[in-house]
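Comments concern the structure below.
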Amino acid sequence: GVDHLRHTLNVEKNAFSRGLPEWGVHLAEDLERLAQLHDGHNIAAVIVEPVPGSAGIIPPPKGYLERLREICDQYGILLIFDEVINAFGRVGASFGAERLGVMPDMINLAKGLTNGVIPMGAVLVRDGIYEAFMDGPTQMIELFHGYTYSGHPVAAAAGCAALDVYKEEGSFEQARSLEGHFEEALHSLGDHPLVTDVRNFGLMGGVDLASREGAFGMRGLETHKRLFWEEDLVVRNSADLLQFSPFLNARPEDISKTFEKVRKVLDSID
Ligand SMILES: Cc1ncc(COP(=O)(O)O)c(C=O)c1O
């Protein structure tokens, strides 16, 4: 079976936080409660996205991931980080785990692994997990899972090339150096009358718009469309949340211009 931990977004407590919010570490105790309910030793794994992206750009409360790690250690639960979005520079380091200083037992990866252009996924595991698969007969494949496109050579080449470019261009350091400017530019929208929350971590930023009465998501969609058609800008919206993830090698002036355009559009919609 699967149980869910509550998400950690709380706009009443944490609105307009910059980076990791102060409030919410106690939400990790959801895991302790589940451990009490099921006996923690029966729980195989906990899967979390260190900084949830598509779910709403939700930087984890300070201490939250550390507390999950502690509880997992206490009961022998594997901690799995879904880093499909976070890894490869998005949070100013190779991995969210690295940036946030919490070591999971497994990390799953995709997107930035090939610069997002060729489909490829990967799973990183701790030594102990790896070794568990390595004690079978030597003539057998250790972890047999033969998919049609496993180890696809084009994807593998794209992966190797992306890693080379990240290293040669210092993309993760570049992303990290843009964070301050990105944070300022993003939070400059905080005084707009339609904006109810702004939150950010690394080069991930979320701007909540107040929903129109009886038309949830319409204001976000209109903003997205106007930015696209009138301002040549692609800004993802998820209902009334605008989600920003600029290029790792964006120029500061590109970022400034982005938010000028967003303000212009917000000023012109009702
Ligand atoms: C955090 C996260 N995990 C997993 C996925 C799904 O990845 P895939 O399509 O590679 O299975 C996504 C897709 O956007 C994602 O954002």
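A few remarks follow.
- Listed pairs Lys111/Lys261; Lys167/Lys264; Lys111/Lys225; Lys167/Lys225 exceeding 30 Å between Cα atoms: Lys167/Lys264; Lys167/Lys225
- Of every Cα-Cα pair in segment 11-169, the percent that sits beyond 21 Å: 56 percent
- Heavy-atom accessible area with a 1.4 Å probe sorts Glu22, Glu231, largest first, into Glu22, Glu231.
- Rounded accessible area of Asp135 (nearest 10 Å², 1.4 Å probe): 120 Å²
- Ordered by 1.4 Å accessible area with all protein chains kept, Ser17, Ser150 run largest first as Ser150, Ser17.
- With DNA, RNA and ligands ignored, accessible area of Glu70 (1.4 Å probe; Å², nearest 10): 100 Å²
- Rounded to the nearest 10 Å², the accessible area of Arg251 at probe 1.4 Å: 130 Å²
- Considering only the chain, percent of DSSP beta bridges that pair antiparallel, nearest 5: 70 percent
- Note on the chain: Kirkwood radius taken over Cα pairs, Stokes-Einstein applied at 10 °C and 1.306 mPa s, translational D equal to 78 µm² s⁻¹.
- Largest accessible area first, the listed residues Leu20, Leu27 line up as Leu20, Leu27 when surface is computed with a 1.4 Å probe on the assembled protein chains.
- The convex hull built on the alpha-carbon positions of segment 171-270 has an orientation-averaged projected area of 5.7 nm².
- Where only DSSP H runs of four or more residues are counted, the chain gives -11500 deg cm²/dmol as its mean residue ellipticity at 222 nm, each run worth -39500 (n - 2.57).
The values are calculated or read from the model by the stated rules, or taken from the named source; none is laboratory data. The shown structure was predicted, so the numbers you read here are calculated from the model rather than taken from an experiment. These accessible areas exclude ligands, DNA and RNA; they are computed on the full protein's heavy atoms, side chains included. Shrake-Rupley method; radii C 1.70, N 1.55, O 1.52, S 1.80 Å.
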